[in-house]
1. Report, by residue number, each residue of the range 94-119 that is assigned to a helix (DSSP H, G or I), more than 14 Å from the ligand (Cβ to nearest atom) and either within 12 Å of the chain's Cα centre (by Cα) or not basic (Lys, Arg) (or both).
2. With Pro134, Pro106 as the choices, which residue is touching a helix residue (DSSP H, G or I) at 6+ places or on another chain (Cβ under 9 Å) and open to solvent by 70 Å² or more (accessible area, probe 1.4 Å)?
3. Considering only residues that are assigned to a loop (DSSP other than H, G, I, E, B) and polar (S, T, N, Q), look in the range 26-85 and name the one that is farthest from the chain's Cα centre (by Cα).
4. Can you name the residue in the range 58-80 that is hydrophobic (A, V, I, L, M, F, W, C) and out of contact with any Asp or Glu (no Cβ under 8 Å at 6 or more places or on another chain) and is also surrounded by the fewest Cβ atoms within 10 Å (Cβ to Cβ) among such residues?
5. Looking at the range 115-134, I want the residues that are at pLDDT below 95 and have a partner that is open to solvent by less than 40 Å² (accessible area, probe 1.4 Å) with Cβ atoms under 9 Å, at least 6 apart or on another chain. Which pairs are those?
6. Any chance you could count how many residues in the range 1-33 are open to solvent by 70 Å² or more (accessible area, probe 1.4 Å) and away from the ligand (no atom under 14 Å from the Cβ)?
7. Can you find a residue in the range 55-70 that is polar (S, T, N, Q) and either within 12 Å of Ala12 (Cα to Cα) or touching a helix residue (DSSP H, G or I) at 6+ places or on another chain (Cβ under 9 Å) (or both)?
8. Determine if the range 45-68 includes at least one residue that is out of contact with any Gly (no Cβ under 9 Å at 6 or more places or on another chain), within 11 Å of the ligand (Cβ to nearest atom) and on the phi < 0 side of the Ramachandran plot.
Amino acid sequence: MKILGIEHIGIAVNDIDIAAPFWNHILNIKHKAKEKVESQGVLTDIYDTTQGKVELLESLGEDTPIGKFLSKKGPGVHHVCFEVDDINNAIIELKQLKINILSDQPTIGAEGYKVIFIHPKSTGGVLVELAEKP
Ligand code: CO
């Protein structure tokens with residue numbers, strides 16, 4: 001597997017409209033996209049430094065991954081995403097190494113990326129996303 005860089009940091013927030021101005025106006029990171037990802041039950045708001053993005057994540061309901069995270073841990077860093085050259089190849093390698101991935105097949109995440117998630121148990125405590133550019 002080849003890691004091409006840090007794609008984004010996913011940050012769970014209670015309300016994008018309240019959290020966004022810090023990233024957009026104080027740090028002055030260019031807004032890239034706002035997108036509802038129904039399959040993950042999340043509204044994403046993406047800021048691009050050009051060397052890694054910040055992805056704000058607001059839940060679309062309590063019974064979603066971000067909804068559950070927020071009620072358990074509150075707002076904060078939810079995951080770190082690395083870009084890979086070939087997601088299917090990464091899945092095969094991770095399975096061979098008995099790494100705990102959350103699905104056997106990539107799903108389509110924000111901006112059309114093919115993504116998988118690696119359980120924090122396998123990474124030293126942080127949810128890791130791998131993503132291949134569409
Ligand atoms: Co992500």
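1. Residues of the range 94-119 that are assigned to a helix (DSSP H, G or I), as a first pass: 94-96, 110-112.
If we keep only those that are more than 14 Å from the ligand (Cβ to nearest atom) too, we end up with 94-96.
If the condition is that a residue be assigned to a helix (DSSP H, G or I), more than 14 Å from the ligand (Cβ to nearest atom) and either within 12 Å of the chain's Cα centre (by Cα) or not basic (Lys, Arg) (or both), then Leu94, Gln96 are the ones that fit.
2. Numbers: Pro106 fails: open to solvent by 70 Å² or more (accessible area, probe 1.4 Å).
Among Pro134, Pro106, only Pro134 is touching a helix residue (DSSP H, G or I) at 6+ places or on another chain (Cβ under 9 Å) and open to solvent by 70 Å² or more (accessible area, probe 1.4 Å).
3. Of the residues in the range 26-85, the ones assigned to a loop (DSSP other than H, G, I, E, B) are 27-29, 41, 49-52, 60-64, 74-75, 85.
Next cut, polar (S, T, N, Q) only: 28, 49-51, 64.
On the way: Asn28: 21, Thr49: 16, Thr50: 17, Gln51: 16, Thr64: 14 Å.
Top of the filtered list is Asn28.
4. Taking the range 58-80 and keeping what is hydrophobic (A, V, I, L, M, F, W, C), we get 60, 66, 69-70, 77, 80.
Those still in the list that are out of contact with any Asp or Glu (no Cβ under 8 Å at 6 or more places or on another chain) too: 69-70, 77.
Numbers: Phe69: 19, Leu70: 20, Val77: 12.
Taking the candidates together, the pick is Val77.
5. Correct list of pairs: Pro134/Gly112; Pro134/Tyr113.
6. Within the range 1-33, the subset open to solvent by 70 Å² or more (accessible area, probe 1.4 Å) is 1-4, 6, 14, 17-18, 22, 25-28, 30-32.
So of that shortlist, the ones also away from the ligand (no atom under 14 Å from the Cβ) come out as 1-4, 14, 17-18, 22, 25-28, 30-31.
Going through the range 1-33 one residue at a time, the tally reaches 14.
7. Start the filter on the range 55-70 by keeping residues that are polar (S, T, N, Q), which leaves 59, 64.
Remaining after also requiring either within 12 Å of Ala12 (Cα to Cα) or touching a helix residue (DSSP H, G or I) at 6+ places or on another chain (Cβ under 9 Å) (or both): 59, 64.
Within the range 55-70, one or more residues are polar (S, T, N, Q) and either within 12 Å of Ala12 (Cα to Cα) or touching a helix residue (DSSP H, G or I) at 6+ places or on another chain (Cβ under 9 Å) (or both).
8. Going through the range 45-68, the residues out of contact with any Gly (no Cβ under 9 Å at 6 or more places or on another chain) turn out to be 45-50, 53, 58, 62, 68.
Retained after the next criterion (residues that are within 11 Å of the ligand (Cβ to nearest atom)): 46, 53.
Filter again for on the phi < 0 side of the Ramachandran plot, leaving 46, 53.
So far as the range 45-68 goes, yes, one or more of its residues are out of contact with any Gly (no Cβ under 9 Å at 6 or more places or on another chain), within 11 Å of the ligand (Cβ to nearest atom) and on the phi < 0 side of the Ramachandran plot.
The values are calculated or read from the model by the stated rules, or taken from the named source; none is laboratory data. Values in this document were obtained by computation on a predicted structure and should not be read as measured data. As a convention, Cβ positions derive from the backbone with ideal geometry for all residues, glycine included, and neighbour counts pool all protein chains shown. All accessible areas refer to the heavy atoms of the entire protein, side chains included, with ligands and DNA or RNA removed. Shrake-Rupley method; radii C 1.70, N 1.55, O 1.52, S 1.80 Å.
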